[in-house]
Amino acid sequence: MKVLLGICLLLAVNLFAQNPKFDSLNHLLRTERIDSNRLKYLNALTDLAFEQDFNLALQYAKQGTELAQKKQDRVWLPKFQEMQGRMHANLLHLDTALILFNQAYQGYRAINNKKGQATTCFKIAWVHKRRGSLENAMKFDLEALGLMEECKNAGGIANAYGRVSEDLARQGRNQEALEYAQKGILLCKKEHIEPELPFLLRFSGDAYLAMDQYQAAFDCYDEAVQRVNALHLGPSSLAEFVNCRGNAYKRLGNYNAAIADYQNCLQLSREANSPQGQMVAIANLGEVHLLKGNYTEALRYQLKTIALQEKSGDNANLPENYRHASRIYEKLGNLSKALEFERKSRNMRDSVLNMQSDATISELRTKYETEKKEATIASQTLKIDQQTLIQELSIALILLLSMFAFFFYQNARSRKKINLAMGEKMAENELLLKEIHHRVKNNLEIISSLLALQSAQITDPNVKEAMLASQNRVQSIGIIHQKLYKNDTLSAIDMKDYLRNLSANILDTFDAQNRIDLAYALDDLELDIETAVPIGLIVNELLTNAFKYAFPEKKNGQVKIELRKTDANLIRLAVADNGIGKQSLTQGTGFGGQLIALLTKQLNGTLQEENQTGTRVQIDFKLKPVA
């Protein structure tokens, strides 16, 4: 696989070599010895590759990130993390993208780069839109608008107008969405901001389309396509606008012109290696064939779309495509399948709606428009005893939620075993199990958010620290259910991927990316949820302890995470740092040490700790086969 990827990248580079600018930049990168200049060339190469090949652009962004980390360059590091996250987002690696965007945001914040914070907020909002969380998306878009206004950045303000317009359109508030888009268009024309104009024309077209003003929508989209061609923005951007014009053709009843635009969009997206663009084009081809009465062809496109959206976690558009599939099966006379997909559509729509709050979204917008220049006043009325009570209740709630998650899982797995012989029931049970993991993950995210909100109002550092620890414990469990929800195998966790995501999140929490290096020695292991949860909680406690105590005065260091199969039946988990080696966790009386001891017993394992050259905690336990 790695050899095939290398060949693909080599072919992409060879194709790019026909571009004189790309060839010149690559030559400069190879021959340059000054790192600051190499970072500039990598930045230019990433931007150039972005419009042609996301995978190639990702390789350059990774090189830039690694070089910036090596040189401890605080200015370039968040830029490359943001670019790297952008490539992962376009490749629909949403979890990885969100981790990188959060790291970039913290890096920009550390150097007071408000424009960088704003552009990263835009991208975080985009990920939330893909996941169907409109409330979070609008919160970040409004934050970006406020930051751009502080910077007096006209282009950024226009960009933000467009994104808020999109948020409002997704809520069905089309007239308000049109007003924001038109404000952006006027600003662009006044300030001669050409790059933002196509996007604002697109958002205007979206609003007109939603209000059934199809000709006005077509005019906006068609002008946007012409401007994108004039700006030479590349295939990925052009694909987006051609697809929108196809939507207008479709609503105007010109199905053949719509199919031509959608096929053009699909070809451009393939040229740019854009899974998102390909998925949208395939979905629209399915719908337009449905409208033409080509049901067999429509079903082929529709099922491919659903498979791609389920794999990528694109919950925002799944209900509509389930509904399209239901209609197609009904037209083909397969009423059983039609009912199955209609039920999926309703269940998914209810799940997405549960994650949204129209009242909260409206409140966010009102708060921005009326109070955006005022600082948030921290509450000073909480007493220390109230804070302690909140801490204890939060920990109890986490434990209860973990128990509920375990019982939900056991119950669903039992039901799955009972129904294995019932052929038609297997898919329904699998969907039920996925939904359980999805709901548990959502509930854990809500708990984590509540803990974060509460800790923001706490002034006592000890209580605040305890709240942060509780939040990290919740997140360690939440990542497991997120992985199970998206995995094809619902009973097993890929521990290598899980521990990398978990450790990156904790490192980000402590804002230690620039001084602590994470090293891994992880075998390819898949473990059941009863084993993965305690491992995740143990690693969370050990990493938290290392980041807090092993490197005083913000010294640099390394933490290594090991999970290996030592023989056929034994697994070894170890977390080691090269810090001061004086702080014993497992021998103390603190909550973290007690929790590790209890979880080790739950795994029927043995615990060892060394505090000589740094601290190393090792746990050995017997392998439990995955059911």
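Coordinate-derived values only; no laboratory data. For clarity, every value in this text was computed on a predicted model and none was experimentally measured. All Cβ positions, even for glycine, are placed from backbone atoms using ideal geometry, and neighbour counts span all protein chains on display.
In whole Hz, what ³J(HN,Hα) sequence does segment 76-93 give by Karplus (6.51, -1.76, 1.60; θ = phi - 60°), x for Gly and Pro?
So the Karplus estimates, Gly and Pro as x, are 7, 4, x, 4, 6, 5, 5, 5, 4, x, 4, 5, 4, 5, 5, 8, 6, 8 Hz.
What trypsin sites (Lys or Arg not before Pro) in segment 25-58 are in a loop by DSSP, with at most 15 other Cβ atoms within 10 Å of the Cβ? Intermediate values should be presented prior to the final figure.
Working: sites: Arg30, Arg33, Arg38, Lys40; in loops: Arg33.
When the trypsin sites (Lys or Arg not before Pro) of segment 25-58 are filtered for loop state and at most 15 Cβ neighbours within 10 Å, Arg33 remain.
Taking the Cβ of Ala110 as the centre, find all other residues whose Cβ is under 10 Å away and add up their charges (Lys, Arg: +1; Asp, Glu: -1). Could the numbers behind the result be given before it?
On the way: positive: Arg74, Arg109; negative: Asp511.
So the environment of Ala110 carries a net charge of +1.
Modelled label-to-label distance, Thr31 and Asn229, 7 Å Cα→beta-carbon offset: nm?
3.9 nm
Would you order Lys565, Lys70 from fewest to most other beta-carbon atoms within 10 Å of each residue's own beta-carbon?
On the way: Lys565 13, Lys70 9.
By the 10 Å Cβ count, ascending: Lys70, Lys565.
Going through the cross-link list Lys344/Lys622; Lys123/Lys548; Lys129/Lys560; Lys62/Lys496; Lys21/Lys62, which pairs have a Cα-Cα distance over 28 Å in this structure? Write down the numbers at each step before the final one.
Numbers: Lys344/Lys622 40 Å; Lys123/Lys548 30 Å; Lys129/Lys560 35 Å; Lys62/Lys496 20 Å; Lys21/Lys62 21 Å.
Over 28 Å apart, Cα to Cα: Lys344/Lys622; Lys123/Lys548; Lys129/Lys560.
7 Å from Cα along Cα→Cβ at both Val75 and Lys304: what's the point-to-point distance in nm?
Computed distance between label sites Val75 and Lys304 equals 4.7 nm.
Once amide H atoms are placed 1.01 Å from N in the peptide plane, what residues at a sequence separation of 5 or more from Leu607, or on another chain, have their amide H within under 5 Å of its amide H?
none
How large is the convex hull of the Cα atoms of segment 64-209 per residue, expressed in Å³ as a whole number?
Numbers: hull volume 15.7 nm³, N = 146.
About 107 Å³ per residue, rounded to a whole number.
Starting from segment 111-163, pick out the trypsin sites (Lys or Arg not before Pro) whose DSSP state is loop and whose Cβ has at most 11 other Cβ atoms within 10 Å. Can you show the working numbers first?
Details: sites: Lys114, Lys115, Lys123, Lys129, Arg130, Arg131, Lys139, Lys152, Arg163; in loops: Arg131, Lys152.
Here the trypsin sites (Lys or Arg not before Pro) that fit, given the DSSP loop and packing criteria, are Lys152.
State which entries of Lys79/Lys114; Lys139/Lys311; Lys71/Lys555; Lys71/Lys554; Lys114/Lys152 exceed 19 angstrom in Cα-Cα distance in the structure shown. Intermediate results must be reported in sequence, preceding the final value.
Values: Lys79/Lys114 12 Å; Lys139/Lys311 26 Å; Lys71/Lys555 16 Å; Lys71/Lys554 17 Å; Lys114/Lys152 11 Å.
From the list (Lys79/Lys114; Lys139/Lys311; Lys71/Lys555; Lys71/Lys554; Lys114/Lys152), the Cα-Cα distance tops 19 Å for Lys139/Lys311.
Per 0.36 nm of contour for each residue apart, how much would the distance between Leu186 and Arg515 grow if the chain were fully extended, relative to their Cα-Cα spacing? Don't skip to the answer; put the middle values down first.
Details: separation 329, 0.36 × 329 = 118.44 nm, distance 4.56 nm.
Separation in residues times 0.36 nm, less the Cα-Cα distance, equals 113.9 nm.
Would you pull out the residues with amide H under 5 Å of Tyr520's amide H, same chain only if 5 or more places away, H placed 1.01 Å from N?
Residues meeting the amide H criterion: Ile561.
Tell me, what HN-Hα J-couplings in whole Hz come from the Karplus equation 6.51 cos²θ - 1.76 cosθ + 1.60 at θ = phi - 60° for each residue of segment 143-157, using x for Gly and Pro?
Each residue's phi maps through the Karplus curve to give 4, 5, 4, x, 5, 5, 5, 4, 7, 6, 9, 4, x, x, 5 Hz.
Determine the distance separating the Cα centre of segment 268-325 from the Cα centre of segment 493-514; give it in Å without decimals.
33 Å
Per 0.36 nm of contour for each residue apart, how much would the distance between Asp212 and Asn611 grow if the chain were fully extended, relative to their Cα-Cα spacing?
Values: separation 399, 0.36 × 399 = 143.64 nm, distance 6.97 nm.
Result: 136.7 nm gained on full extension.
Provide Glu562, Glu194, Glu143 in ascending order of the number of other Cβ atoms located within 10 Å of each residue's Cβ, fewest first.
Working: Glu562 17, Glu194 13, Glu143 21.
Ranked by crowding around the Cβ, least crowded first: Glu194, Glu562, Glu143.
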